[in-house]
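Below is one structure, written out as structure tokens; comments come after it.
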Amino acid sequence: MKRSAHLMKVFLTRRIPPEGMKILSAAGGCEVSQWDSDEPVPRTELLRGVQGAHGLLCLLSDKIDTEVLDAAGPNLKVISTLSVGFDHLALDEIKKRGIRVGYTPDVLTDATAELTVALLLATARRLPEGVQEVKNGGWSSWKPLWLCGYGLSASTVGVIGLGRIGMGIARRLMPFGVKRLLYSGRTAKPDAAEVNGEFVPLDTLVSESDFIVVSCSLTAETQGLCDKAFFSKMKNTAVFINSSRGAVVNQEDLYEALTSGQIAAAGLDVTTPEPLPTNHPLLTLKNCVVLPHIGSATYSTRGVMAALSARNLLGGLQGADMPSELKF
Ligand code: NDP
Ligand code: DGY
């Protein structure tokens, strides 16, 4: 980056993978300060650290709202988030202030789709329960109906939000012998033809699917979408999977659906809150598999995400193109 008389001030809310740090160091021209920890920045430190910053590199766990933007002040030109999800950013307020936003679409699609398929299989075929039984002596012999679950062969899968990750999931599931692939969302997707996807109303998807996978973004419209009414329309044998955002699901209603036998099982990579308290009722259930938001967690993906978020930040600081700028 071209050296200017005044260094651009940048605040990073966390340690990020070295691929991103290398790019920022090589660029020069900016004075980088950082919450130098693997744990989230406390709010007071965020409000302090962002003061006078020209650029902010944040994570999905940092709520970037009016208070943070006010604390940053008028210098702030760019916010780069190390995520494809941007529900933690107060976009209306950010737009009003003319601040640009960078994010990390595409580069995490494969890793997240892969993890979602792993979660679906683990949940439907009861893998965590089986592993536990082997360890705790519950495996007494081969029994005809012990630890039976549900298979994908000849099944109907419903994907809520057939975007980049939703398509990645659908592409990976079809070779398992899925018979019908339903999807719902705001608009029909031309590339759905590749997976014989049928664009259907949400109610149809919910009542006809054997597996429901939620991969939409969290918006005002999708918040609490999967509630009592939703679960009550699902088949008793159906498996529910969410790898989008926890707030799409009403967790009390999900708990009720899982304990009453309304649905067969659920697999969640995302919850509200994160982390889910260890005494949360969902964690007492054998038919609920909860992962700690690891959809994009491969070494290479996180490295590429860090590099992309660093480049987005630099592009925004320079008033140049950003490799992945959010248009909003
Ligand atoms: P995309 O923007 O490509 O896809 C989002 C999809 O959500 C779109 O197809 C959109 O459909 C759909 N959608 C929006 N509103 C609704 C609605 N009301 N009902 C149904 N569908 C809706 O994003 P990505 O696929 O890249 O990422 C999706 C989300 O996955 C992210 O926003 C993030 O929250 C989550 N994520 C989670 C990860 C994890 O670690 N578990 C990792 C990465 C992402 P339409 O185009 O018709 O509006
Ligand atoms: C995202 O990018 O939005 C995920 O939740 C984490 O990779």
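Being surrounded by fewer than 17 Cβ atoms within 10 Å (Cβ to Cβ), within 25 Å of the chain's Cα centre (by Cα) and closer than 20 Å to ILE79 by Cβ: is that true of ARG43 here?
yes
Looking at the stretch 303-324, is at least one residue within 16 Å of ligand 2 (Cβ to nearest atom) and under 23 Å from ALA122 (Cα atoms)?
Taking every residue of the stretch 303-324 in turn, none turns out to be within 16 Å of ligand 2 (Cβ to nearest atom) and under 23 Å from ALA122 (Cα atoms).
Quick check on the stretch 269-286: of everything there that is in contact with a strand residue (DSSP E or B) (Cβ under 8 Å, 6 or more places away or on another chain) and without any contact (Cβ under 8 Å) to a residue 40 or more places away in the chain, which residue is surrounded by the most Cβ atoms within 10 Å (Cβ to Cβ)?
Looking at residues that are in contact with a strand residue (DSSP E or B) (Cβ under 8 Å, 6 or more places away or on another chain) and without any contact (Cβ under 8 Å) to a residue 40 or more places away in the chain, I get VAL270.
Name the helices (runs of 4 or more DSSP H) wholly inside the stretch 95-211 in which the number of residues that are more than 22 Å from the chain's Cα centre (by Cα) is 3 or more.
Fully inside the stretch 95-211 and qualifying: 127-136, 202-208.
Filter the stretch 225-257 down to residues that are of a type outside the set (Asp, Glu) and farther than 23 Å from ALA170 by Cα, then give me how many there are.
Residues that pass the stated criteria total 8.
Quick one: count up the residues across the stretch 117-149 that are surrounded by fewer than 17 Cβ atoms within 10 Å (Cβ to Cβ) and touching a Gly at 6+ places or on another chain (Cβ under 7 Å).
1
Within the stretch 82-97, can you find the residues that are touching a residue at least 12 places away in the same chain (Cβ under 8 Å) and either more than 8 Å from ligand 1 (Cβ to nearest atom) or of a type outside the set (Gly, Ala, Ser) (or both)?
LEU82, VAL84, PHE86, ASP87, HIS88, LEU89, ALA90, LEU91, GLU93, ILE94, LYS95, ARG97
Kindly indicate whether any position in the stretch 241-253 is in contact with a His (Cβ under 7 Å, 6 or more places away or on another chain), without any contact (Cβ under 8 Å) to a residue 40 or more places away in the chain and within 30 Å of SER61 (Cβ to Cβ).
No, that holds for no residue.
Any residue at all in the stretch 279-300 that's in contact with a Phe, Trp or Tyr (Cβ under 8 Å, 6 or more places away or on another chain), among the aliphatic types (A, V, I, L, M) and more than 26 Å from LYS235 (Cβ to Cβ)?
No: zero hits.
All of the numbers you see were taken from the coordinates with simple rules; none came from a lab. Worth saying up front: this structure is predicted, and the values here are computed from it rather than measured. Every residue, glycine as well, gets a Cβ built from its backbone with ideal geometry; the counts of neighbours run over all protein chains shown.
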